[in-house]
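The block underneath contains the structure these notes are about, expressed in structure tokens.
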Amino acid sequence: MSKRTRKTFLTFFCCIMTIIFMAHSLNAGVYFITKPEGQAFDKSNKPCVLQGYKIKPSECLDGRSLFDKCPTGEFYRSCRCDTSQYPYSILNCQIDKLAGENCASTYYEKCECDLEKYKYNEENCKNGRVLGGESCDDVNFTQCNCGNEYIYDSSNCQAPKALSGDSCGGKYKVCQCNNTLFPYSKCDFGHNGDTCTDSRGTFYQECKAATCPAGTVDPTTYFDGKLSSIINVAAYSTVINGKTCVTLPTCESFNFNNTRTCVGQDILRCPFDLSKIYCHYN
């Protein structure tokens with residue numbers, strides 16, 4: 001190696017060592033560059049970026065907060081969610097309960113059911129309705145529905161039946177015979193008109209009136225209602241099925257026992273049997 005080459009190499013080596021030494025001095029907080037008055041710079045006067053303050057305010061978004069500002073500039077050391085303001089995350093709160101303002105969609109202000117979504121509970125879901133849909137905490141739900149027992153509306157409950165009982169959402173629990181039109185559930189003596197049957201039984205439009213059984217008569221209609229002019233009705237009356245019926249006396253008991261023609265005598269006929277006569281001597 002020539003002297004010139006050796007000198008060049010030593011010069012290059014000295015430059016490299018000088019650079020390394022200066023870099024080490026910067027990390028130690030000492031600069032060899034001096035102020036005009038000859039005093040050394042300390043580390044606090046290093047540019048903010050070189051000290052780790054690299055975040056601008058405009059870069060800290062999504063609800064995050066700036067921390068540890070550079071003393072000599074506008075830069076900050078960190079940008080993170082302030083857990084004192086947003087204390088809840090999936091680590092300490094059920095995901096359905098994370099609510100309120102949030103930071104970076106990770107930390108939240110509140111840990112409670114979102115009552116805008118889960119707005120139904122036992123206090124406001126009553127009168128035949130039942131809680132349903134999604135639940136936040138088995139107390140608050142997204143839906144308040146009619147119970148399964150409300151199945152009737154005008155499409156499946158038609159005349160002669162009518163909707164009845166409690167309703168929910170336009171549907172009813174009960175579809176039964178209209179008892180205004182079918183008021184009778186029992187007719188002892190038969191019925192007139194139509195009938196209607198539901199789960200309670202059969203109902204009738206009109207019941208027939210009670211009638212006197214065979215062998216008796218209705219004193220209000222028999223003999224044009226003038227039976228009392230012939231006999232003492234009370235003496236022959238009996239109440240049957242709630243109705244007063246008369247057992248007529250026999251013609252023989254009134255001496256209407258002739259069937260032949262009366263000769264020279266007036267003929268009186270038994271009002272209960274015109275074939276029986278009585279010959280009256282005038």
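The values are calculated or read from the model by the stated rules, or taken from the named source; none is laboratory data. Remember, predicted model here, so these are calculated numbers, not experimental data. Here the Cβ is made from the backbone with ideal geometry for all residues, glycine too, and neighbour counts use every protein chain on show.
Listed by first and then second residue, the pairs with beta-carbon distance under 6 Å, at least 6 apart or on different chains, first residue in segment 138-159 and touching a residue at least 24 places away in the same chain (Cβ under 8 Å) and within 30 Å of Cys196 (Cα to Cα), second assigned to a strand (DSSP E or B) and of a type outside the set (A, V, I, L, M), are Cys146/Arg129; Cys146/Cys168; Glu149/Lys173.
The residues of segment 71-98 that are part of a strand (DSSP E or B) and farther than 21 Å from Pro57 by Cβ, listed by number, are Tyr88, Leu98. The single condition among (1) at pLDDT 85 or above; (2) closer than 30 Å to Asp137 by Cβ that Tyr76 does not meet is (2).
Note on segment 99-116: residues that are surrounded by 15 or more Cβ atoms within 10 Å (Cβ to Cβ) and not in a strand (DSSP E or B) total 4.
Quick check on my filter: what residues within segment 125-182 are in a loop (DSSP other than H, G, I, E, B) and among the β-branched types (Val, Ile, Thr)? Break it down stepwise before answering.
Step one: of segment 125-182, the residues in a loop (DSSP other than H, G, I, E, B) are 125-128, 136-140, 147-151, 153-160, 169-170, 178-182.
Within segment 125-182, Val139, Ile151, Thr180 qualify.
Contact map, segment 72-98: residues that are not assigned by TED's automatic domain parsing to the domain that holds Gly133 and exposed (fewer than 13 other Cβ atoms within 10 Å of the Cβ) paired with residues that are in a strand (DSSP E or B) and of a type in the set (A, V, I, L, M), Cβ distance under 9 Å, separation 6+ or inter-chain. Pairs shown: Ile90/Leu98.
Considered as a group, the residues in segment 248-282 that are of a type in the set (Phe, Trp, Tyr) and surrounded by 14 or more Cβ atoms within 10 Å (Cβ to Cβ) include one that is nearest to Phe223 (Cα to Cα), and that residue is Phe272.
For segment 201-220, the condition of being part of a loop (DSSP other than H, G, I, E, B) and either of a type in the set (Asp, Glu) or in contact with a helix residue (DSSP H, G or I) (Cβ under 8 Å, 6 or more places away or on another chain) (or both) holds for at least one residue.
Residues that are in a helix (DSSP H, G or I), in contact (Cβ under 8 Å) with a residue 12 or more places away in the chain and surrounded by 17 or more Cβ atoms within 10 Å (Cβ to Cβ) do not occur anywhere in segment 230-247.
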